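The values are calculated or read from the model by the stated rules, or taken from the named source; none is laboratory data. Keep in mind that this is a model prediction, so the values were computed, not measured. Every residue, glycine as well, gets a Cβ built from its backbone with ideal geometry; the counts of neighbours run over all protein chains shown. Side chains included, ligands, DNA and RNA excluded: accessible areas come from the protein's heavy atoms. Shrake-Rupley method; radii C 1.70, N 1.55, O 1.52, S 1.80 Å.
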Amino acid sequence: MAKAVPAEGISGTLPVLYINVYTDATHAALENEIISRDLAHKNYFTEAEYWLDLNGCEWMAAEGAQSIGSAEAPFPLQIKARGNWTRIGFSKKPFKLKLDSKQKLLGLTKSKHFALIAHADDDKGYLKNFTGFNLGKRIGLPWTPAAQPVEVVINGNYRGLYFLTESIRVEEKRVNITELDDLANDPALCSGGYLVELDNYDEDNQIRMEEKTCVGGYTDMLRVTFDTPEEYSELQLRFITDQFTAMNDAVGDCSDVLWSYLDLDDAARYYIVEEIISHVEAYHGSTYLFRDRGEGQKWHFSPLWDCGNAFNGPSDDFFYNHAPYGSTWIASMRANKRFNDKVRETWLWFMQNGFNGLYDDIDAYVSHLEEAAKADRRRWEHEPAPNGGQPVCDNTDMQGRKQAVLQHLQAKINWLKSSFGDWNNGTYSEPARDTTPAAELPEYVSSGVENVVIEAPVQEGSDTYYDLLGRPVANPATGIYVRNNALIYKK
């Protein structure tokens, strides 16, 4: 086993996560590709181990955090780089962790799956995700990830200040829906549960369609990337395609039909959070929706993730008027009266009852991070960026960064009063949940379906069968196919 190398540079004010990555199962030599600034792939390093030293951090111990393992008795781990631009554009990489067994790391929900977020691009005192996630929890979104600051040492090399974060997972204490297997074909199961991402990259495991709008302006492709499950059968693909086609059509018509597919309350709450933090990249990648199984279920905007462009929008206008890449659906949703009414009543209740305490949380958070932020700067100040990349942001002046964020929040909230109302004028209780009935499930995701012809032309042609990706299929036995411009389910 390679020896643990004493790390230089840690601030001593936060827990320290130690990770060793090895070249092979003998653990005789360290694999330092993991700390290369040119690391760009997303393959797991499978021969790795970790231990977590609480390092005398009293405030986190008071929250129930504990040390786990030791240099003499580490735990198995798999680790890989994660993210897109943050992975290839910075020397300080974000990582995905897969533990050998479930652990309750630093008081987070017990799981095998966590992310180490680097926030190398956060020039707002590491407050972008913190503020967005804090608001998400306060406003009552179904589930919002939690994160804890930690200093990280990999192969004896101090990597700076990171944020150990609950990964988005279908689990009881995360996205709590019925988990659905890959390639499921049973119609009784295929209505859920699904977790998808509105993506900003073309991927193999996604459906794409032109985004519709009822207000004009810039639109992009609507990319729905499969998260859980990761691989769809033809039946699953058909269901997701139909669901998002229906929602996209309703958005384009500014129709209230949307609320029979999409939960109105969570849509309003999600939007309010993104608007308060002026997040100009909201609804453009890293935007998740989930749907549970069965009749009566709808899609929910949740969980929040990656508030990386928070506070980059103006404090005196709506963020989507300044989004550089487009913001899927939200401009059209804001033209819908029922949505705006729900936003207004939710805003008044939330600002009067749930928002208070955010500024105190920010103050405490910044005080916990000040010394580690300085240590992070010492670590990365002179480190070259990858070719075409960017230097790691300098957050040495945490108090100055905090004041800039607070000023933006206060200005934006004061401006939003003119549109959404002043919560000081009256008493506001939590709005009743919307009671719009959910759209009925299509016949093909109910049990007992056989040889049903569905009137939804997709592919013109002769007697050749095509799958839903447009590929010719010879003599199909089961599944959903296209023949003579009609969809046919063959059981």
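About its Cα centre, the dipole of the chain is roughly 660 debye, where the only charges are +1 on Lys and Arg Cβ and -1 on Asp and Glu Cβ.
Can you pull a Stokes-Einstein diffusion coefficient for the stretch 1-140 at 20 °C (1.002 mPa s), Rh from Kirkwood over Cα pairs, as a whole number of µm²/s? The partial results should precede the final answer.
On the way: Rh = 16.5 Å.
The estimated diffusion coefficient comes to 130 µm²/s.
For the pair the stretch 379-419 and the stretch 220-240, the centres of their Cα atoms are 35 angstrom apart. Cys residues of the chain that find no other Cys beta carbon under 4.7 Å: C57, C190, C307, C393. Nearest 10 degrees is fine. How inclined is helix 358-380 to the longest principal axis of the chain, computing both from alpha carbons? Around 60 degrees separate the two axes.
Going by a ≥ b ≥ c, the root eigenvalues of the Cα gyration tensor, does the stretch 191-293 fall in the rounded group (a/c under 1.5), the prolate group (a/b larger than b/c) or the oblate group?
On the way: a/c = 1.40, a/b = 1.34, b/c = 1.04.
Judged from the Cα gyration tensor, the stretch 191-293 comes out rounded (a/c under 1.5).
Cβ-Cβ distance of E31 and D422, R₀ of 60 Å, FRET efficiency by 1/(1 + (r/R0)^6): the value works out to about 0.55.
With respect to the cross-link table entries K80/K402; K337/K417; K124/K173; K42/K412; K96/K374; K42/K110, which display a Cα-Cα separation exceeding 28 Å?
The answer is K80/K402; K124/K173; K42/K412.
Against the chain, whose longest principal axis comes from its Cα atoms, helix 337-353 is set at around 30 degrees.
When ranked by the protection proxy of mean other Cβ atoms within 10 Å per residue, highest first, what sequence do the peptides 427-436, 129-138 form?
On the way: 427-436: 12.6, 129-138: 22.4.
So the order, starting with the most tightly packed, is 129-138, 427-436.
Proximity of backbone amide H atoms, modeled 1.01 Å from N, is registered between S286 and N200 at under 5 Å, excluding neighbours fewer than 5 places apart on the same chain. This model, with +1 at the C-beta of Lys and Arg and -1 at the C-beta of Asp and Glu, gives the stretch 1-142 a dipole about its Cα centre of some 760 debye. Applying both filters, DSSP loop and at most 10 other Cβ atoms within 10 Å, to the chymotrypsin sites (Phe, Trp or Tyr not before Pro) of the stretch 1-104 eliminates every site.
Here the chain has 44 percent of its accessible surface on carbon and sulfur atoms, given a 1.4 Å probe and all protein chains in place.
For the stretch 32-182, the solvent-accessible area works out to 37 Å² per residue, with a probe of 1.4 Å and every protein chain left in place. Here are several values of volume of the Cα convex hull per residue in Å³: (i) 179; (ii) 260; (iii) 161. Which one was derived from the coordinates shown? Here the calculated entry is (iii).
Across the stretch 260-389, the mean sequence separation of Cα contacts (distance under 8 Å, 6 or more residues apart), normalised by length, yields a relative contact order of 25 percent. For T178, the amide hydrogen comes within under 5 Å of the amide hydrogens of G193, R293, counting only partners 5 or more places away or on other chains and with H modelled in the peptide plane.
Exposed loop sites were defined as GluC sites (Glu not before Pro) in DSSP loop states (anything but H, G, I, E or B) carrying at most 13 other C-beta atoms within 10 Å; in the chain the longest segment without such a site runs 73-171.
Spin-label model, A385/A146: points 7 Å from Cα along the beta carbon direction are separated by 3.5 nm. Compute the angle between helix 234-253 and the longest alpha-carbon principal axis of the chain, please, reported from 0 to 90 degrees and rounded to the nearest 10. Orientation of helix 234-253: about 90 degrees from the principal axis.
For the pair Q399 and V215, label points projected 7 Å from Cα toward Cβ lie 4.1 nm apart. Sequence-ordered 3J(HN,Hα) estimates for the stretch 34-43 from the Karplus curve with 6.51, -1.76 and 1.60 and θ = phi - 60° stand at 4, 10, 6, 5, 9, 4, 10, 7, 10, 7 Hz, glycine and proline given as x.
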